[in-house]
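The values are calculated or read from the model by the stated rules, or taken from the named source; none is laboratory data. Predicted, not measured: the structure shown is a model, and the values here were computed from it. Ideal geometry is used to build each Cβ from the backbone, glycine not excepted, and the neighbour counts take in all protein chains shown. Areas reflect the complete protein model, heavy atoms only, side chains present, ligands, DNA and RNA absent. Shrake-Rupley method; radii C 1.70, N 1.55, O 1.52, S 1.80 Å.
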Amino acid sequence: MFYAKTKPVQTIREHTDCLVAELERLKSTYGSRFVHMDERMWKLLRLAVEYHDVGKAWPGFQNRLRKQLGEKKLPNTITYSVPHNYLSVGMIPIKKYKLTKEESRLLIHAVGYHHERSELPDKEKIEEILENEMRPYLPQLIDHMKLDIPETFSYKSIARLSKRYSQFDDDFYKYVLLKGLVHRIDHAASAGVDIELHADKHIGAQVTAYMEHKGYAKNELQQFAEANTDKSIIVIAQTGMGKTEAALLWINEDKGFFTLPLRVSINAIYDRILSPQEINYHPEALGLLHSTSNDYLQEKEELDEKWEDIYRHSRHLSSKLLLTTIDQILKFQFGYRGFEKELAAMANAKVVIDEIQAYEPKIAAMLIKALEMIHKIGGKFMVMTATLP
């Protein structure tokens with residue numbers, strides 16, 4: 001038996017199956033929304049998910065978990081440690097899957113860097129572990145994972161990890177999407193949350209029903225937003241024109257992120273969208289994420305015990321509609337380790353930037369770069385303001 005984690009106890013195969021389930025959930029809910037995800041890319045994502053943790057079978061890794069579980073250790077003579085994600089790369093049968101050179105690179109890097117480590121891949125150490133300590137367990141691992149793992153490990157693939165993708169690579173956004181989705185799928189499966197929630201809860205239909213119930217006719221702004229749901233748009237409209245309703249009509253049936261500069265404003269919109277007297281949106285489809293959202297959700301009596309799940313789903317970007325501040329979701333343009341997760345979450349979504357005039361020029365410049373990247377990865381944006389700076 002090969003363990004992947006101890007809390008809860010899961011084998012590598014059990015953990016991988018959880019990831020496969022989240023991948024299928026993502027594909028079935030928003031598969032058609034990903035501009036860059038054709039069938040070849042879905043195949044690469046499936047392979048990345050299947051092979052991402054096979055390196056955990058190394059006795060050095062297994063013994064750390066076995067110690068926690070009070071189980072007998074496996075024979076292990078190598079004293080140094082190597083990140084399991086690098087070991088996983090060496091066990092992918094690239095030739096078997098008939099991948100192109102670029103597809104191979106995408107897969108190798110999505111698996112090899114699904115955990116970001118300060119330690120760079122050391123080919124000699126990886127080779128010693130695979131040959132001396134992994135090879136004896138190969139038949140058992142193949143049986144456990146129900147995967148093809150080559151008897152001849154792929155050291156060429158490990159060597160290809162040394163040249164990382166940059167924004168100047170032609171397939172940079174394909175890489176970001178593939179790696180980012182592996183992050184999202186892995187984190188959702190590990191946390192025990194659905195990667196996407198309530199995909200059938202359409203905010204646009206809910207707003208339309210609310211306006212009809214109140215006897216409100218959609219104004220020119222709201223009609224424009226509703227007619228251009230398939231485009232990225234900039235809207236200049238005076239206060240009191242119903243910009244919030246317009247933005248929600250524009251999001252329509254898609255996954256949405258709605259940002260505002262101030263937490264108090266976000267909280268007010270959250271209350272309004274949730275209120276039975278107002279838009280009356282499904283509470284578990286609506287997320288709230290800012291620096292004090294945990295406290296705010298906890299204080300809302302009408303959420304009862306649901307607030308903890310809502311907060312968890314918000315942090316994992318699983319909510320159908322997430323109300324948030326830009327510092328929570330729009331900082332990926334700085335290229336920090338793991339930025340791909342947040343940017344990939346934009347690929348099947350629409351992002352609303354409200355009150356953009358309230359941000360100082362440096363922040364506005366940062367936002368403009370974020371919008372460019374959202375566009376390139378396949379998402380859409382709506383900028384709303386009363387006075388466009």
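Quote the relative contact order of the chain in percent (integer), defining contacts as alpha-carbon pairs under 8 Å separated by 6+ residues.
Here the relative contact order equals 18 percent.
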Glu253 label point, 7 Å along Cα→Cβ, cut-off 19 Å on backbone N: hits in the stretch 226-240? 226-232
Under 11 Å from a label point 7 Å along Cα→Cβ of Asp171: give me every residue in the stretch 73-111 with its amide N that close. 99-110
Keeping all protein chains in place, calculate the accessible area per residue for the stretch 95-142 (probe 1.4 angstrom), answer in Å². 54
Highest mean first, what order results for 163-174, 340-351, 85-96 on Cβ atoms within 10 Å? 340-351, 85-96, 163-174
For labels at Ile78 and Leu120 in the simple 7 Å Cα→Cβ model, what's the distance in nm? 1.9
Antiparallel versus total DSSP beta bridges in the chain: what percent is that, nearest 5? 10
Highest mean first, what order results for 283-290, 21-28 on Cβ atoms within 10 Å? 283-290, 21-28
Along the stretch 159-171, what does the Karplus equation 6.51 cos²θ - 1.76 cosθ + 1.60 (θ = phi - 60°) give for ³J(HN,Hα), rounded to whole Hz, x for Gly and Pro? 4, 6, 6, 5, 9, 7, 5, 10, 5, 8, 6, 4, 9
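Compute the length gained on full extension between His144 and Arg40: take 0.36 nm times their separation in residues and subtract their Cα-Cα distance, giving the result in nm to one decimal.
Roughly 34.8 nm would be gained on extension.
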Per-residue HN-Hα couplings for the stretch 228-234, Karplus 6.51 cos²θ - 1.76 cosθ + 1.60 at θ = phi - 60°, whole Hz, x for Gly and Pro? 10, 5, 8, 10, 7, 9, 10
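Hey, with R₀ at 25 Å, roughly what FRET efficiency would Ser190 and Leu69 work out to, going by the Cβ-Cβ distance, to 0.05?
Working: r = 18 Å, r/R0 = 0.71.
That gives a FRET efficiency of 0.90.
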In terms of the alpha carbon gyration tensor, root eigenvalues a ≥ b ≥ c, rounded if a/c is under 1.5 and otherwise prolate when a/b exceeds b/c or oblate, the stretch 105-153 is oblate
Any chance you could check the Cα centroid distance between the stretch 142-164 and the stretch 27-72 for me, in angstrom? 13
Looking at Thr259, Tyr270, Leu178, which one has the Cα that reaches farthest to the positive end of the dipole of the chain (charges on Cβ: Lys, Arg +1; Asp, Glu -1)? Leu178
List every residue whose amide H lies under 5 Å from the amide H of Leu322, counting only residues 5 or more places away in sequence or on a different chain, with H placed 1.01 Å from N in the peptide plane. Gly256, Phe257, Phe258, Gly287
What order do you get for 61-68, 247-254 when each peptide is scored by the mean count of other beta carbon atoms within 10 Å, highest first? 247-254, 61-68
In whole Hz and in residue order, list the ³J(HN,Hα) couplings for the stretch 361-378 that follow from phi through the Karplus curve 6.51 cos²θ - 1.76 cosθ + 1.60, θ = phi - 60°; x for Gly and Pro. x, 5, 5, 4, 5, 4, 5, 4, 5, 4, 5, 4, 5, 4, 4, 5, 8, x
What nm value, rounded to one decimal, do you get for the distance between Ala365 and Lys214 when each label is placed 7 Å out toward the C-beta? 4.0
With all protein chains present, the stretch 248-387 has a carbon and sulfur share of its accessible area (1.4 Å probe) in percent of 50
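Hey, what's the stretch 225-292 come to in accessible area per residue, 1.4 Å probe, Å²?
On a per-residue basis, the stretch 225-292 sits at 39 Å².
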Using DSSP to call loops (not H, G, I, E or B), can you name the GluC sites (Glu not before Pro) in the stretch 89-171 whose Cβ has at most 10 other Cβ atoms within 10 angstrom? Glu119, Glu151
Hey, got the dipole for the stretch 245-346? About the Cα centre, +1 on K and R Cβ, -1 on D and E Cβ, debye to the nearest 20? 520
Holding the Cα-Cα limit at 30 Å, pick out from Lys27/Lys96; Lys214/Lys369; Lys72/Lys96; Lys27/Lys146; Lys218/Lys331 the pairs that are longer than that. Lys214/Lys369; Lys72/Lys96; Lys218/Lys331
Assigning unit charges at the beta carbon (Lys, Arg +1; Asp, Glu -1) and nothing else, what dipole magnitude in debye, to the nearest 20, does the chain show about its Cα centre? 1260
Report the label-to-label distance for Ala159 and Thr239 in nanometres (one decimal), using points 7 Å from each Cα along the Cα→Cβ vector. 6.5
Met1 to His375: FRET efficiency via 1/(1 + (r/R0)^6), r the Cβ-Cβ distance, R0 45 Å, to the nearest 0.05? 0.45
Work through the residues other than Lys243 whose Cβ is under 12 Å from its Cβ and net out their charges, Lys, Arg +1 and Asp, Glu -1. -3
Please list, ordered by chain and number, the residues whose modelled amide H lies under 5 Å from the amide H of Ile233; skip anything fewer than 5 residues away on the same chain. Phe381, Met382, Val383
Return the long-range amide H neighbours of Ala349 (sequence gap of 5 or more, or a different chain), with a cut-off of under 5 Å between placed amide H atoms. Lys380
